[in-house]
Amino acid sequence: MANINGNSRLNDRLELEVHGFEVSVLTGIYSEETHLPQPLLISMTVELECPAHFAPDTPLSASKNYLDLKRAATTALPEGVHFTLIEGVADHIAQTLLQEDSRVQRVQVKIVKLAISEAGEAIGMTLVRHRR
């Protein structure tokens, strides 16, 4: 079976996931949103180059520490910076992960704005960035 590149083998993928953690971020366009941090529910999926095999004694360097993903959405966000759109928050997270590790090929960031949920719905967006 040929893939898009004409190769006869499929490309393996490694996707690391960190989902459903809450972060308070200065974001919003309305006056009532611009002076206090808002709670955002963030989920990420990061695609890495995948080794041919993971043996029982494979070191962490063959993958990526999940806490690096979470850090990109917490302490790596610039303190005191107001993001007009949550899309800007997602882009900052994606760019941080792509710049930190050349093995990262794709980053998907989903953000839900918890403060505007009235009946438990998930209102937000998803951004996907690829290594270029």
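The values are calculated or read from the model by the stated rules, or taken from the named source; none is laboratory data. These numbers were taken from a predicted model, which means no experiment stands behind them. As a convention, Cβ positions derive from the backbone with ideal geometry for all residues, glycine included, and neighbour counts pool all protein chains shown. For the accessible areas, the whole protein counts, side chains as well, though only heavy atoms, and no ligand, DNA or RNA atoms are used. Shrake-Rupley method; radii C 1.70, N 1.55, O 1.52, S 1.80 Å.
Which one of Q95, Q108, Q99 is part of a strand (DSSP E or B) and either closer than 23 Å to E32 by Cα or among the polar types (S, T, N, Q) (or both)?
Just a single option satisfies the conditions, and that option is Q108.
Listed here are the residues, each with its yes/no results for (1) under 16 Å from E17 (Cα atoms); (2) among the β-branched types (V, I, T); (3) under 17 Å from the mean Cα position of the chain (by Cα).
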residue	(1), (2), (3)
P56	no, no, no
A72	yes, no, yes
G80	no, no, no
I93	yes, yes, yes
E100	no, no, yes
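Collect the residues in segment 111-132 that are in contact (Cβ under 8 Å) with a residue 60 or more places away in the chain and under 18 Å from T34 (Cβ atoms), keeping them in residue-number order.
In the first step, residues of segment 111-132 are kept if they are in contact (Cβ under 8 Å) with a residue 60 or more places away in the chain; the result is 111-115, 122, 124.
Matches in segment 111-132: I111, K113, L114, A115.
If a residue must be farther than 20 Å from R132 by Cβ and of a type outside the set (K, R), how many such residues does segment 70-110 contain?
Taking segment 70-110 and keeping what is farther than 20 Å from R132 by Cβ, we get 70-71, 73-86, 89, 110.
Keeping just the survivors that are of a type outside the set (K, R) gives 73-86, 89.
Residues that pass the stated criteria total 15.
Determine if segment 21-29 includes at least one residue that is part of a loop (DSSP other than H, G, I, E, B), without any contact (Cβ under 8 Å) to a residue 60 or more places away in the chain and among the aromatic types (F, W, Y).
In the first step, residues of segment 21-29 are kept if they are part of a loop (DSSP other than H, G, I, E, B); the result is 26, 28-29.
From what's left, without any contact (Cβ under 8 Å) to a residue 60 or more places away in the chain: 26, 28-29.
If we keep only those that are among the aromatic types (F, W, Y) as well, we get none.
So far as segment 21-29 goes, no, none of its residues is part of a loop (DSSP other than H, G, I, E, B), without any contact (Cβ under 8 Å) to a residue 60 or more places away in the chain and among the aromatic types (F, W, Y).
List pairs: first residue in segment 66-87 and touching a residue at least 12 places away in the same chain (Cβ under 8 Å), second residue of a type in the set (S, T, N, Q) anywhere in the structure, Cβ distance under 8 angstrom, at least six positions apart or on different chains.
Partner pairs satisfying both residue conditions: A72/T96; A76/T96; H82/T27; H82/T34; F83/T27; T84/T27; L85/T27; I86/T27.
Every residue in segment 106-120 that is open to solvent by less than 60 Å² (accessible area, probe 1.4 Å) and under 12 Å from the mean Cα position of the chain (by Cα), please.
Listed by number, the residues that qualify are R106, V107, Q108, V109, I111.
Taking L97, is it in contact (Cβ under 8 Å) with a residue 40 or more places away in the chain, open to solvent by 30 Å² or more (accessible area, probe 1.4 Å) and among the aliphatic types (A, V, I, L, M)? Let's see the steps before the verdict.
Working: in contact (Cβ under 8 Å) with a residue 40 or more places away in the chain: yes; open to solvent by 30 Å² or more (accessible area, probe 1.4 Å): no; among the aliphatic types (A, V, I, L, M): yes.
Judged against the criteria, L97 is not a match.
Select from segment 121-132 the residues that are assigned to a strand (DSSP E or B) and of a type in the set (A, V, I, L, M, F, W, C) and write down the one among them that is most open to solvent (accessible area, probe 1.4 Å).
V128
For segment 32-88, how many residues meet the condition of being open to solvent by 50 Å² or more (accessible area, probe 1.4 Å), farther than 27 Å from L10 by Cα, hydrophobic (A, V, I, L, M, F, W, C) and part of a loop (DSSP other than H, G, I, E, B)?
Number of matching residues: 3.
Within segment 111-132, count every residue that is of a type in the set (D, E, K, R) and under 15 Å from G88 (Cβ atoms).
Let us first name the residues in segment 111-132 that are of a type in the set (D, E, K, R), namely 113, 118, 121, 129, 131-132.
If we keep only those that are under 15 Å from G88 (Cβ atoms) as well, we get 113, 129.
The number of residues fulfilling the criteria is 2.
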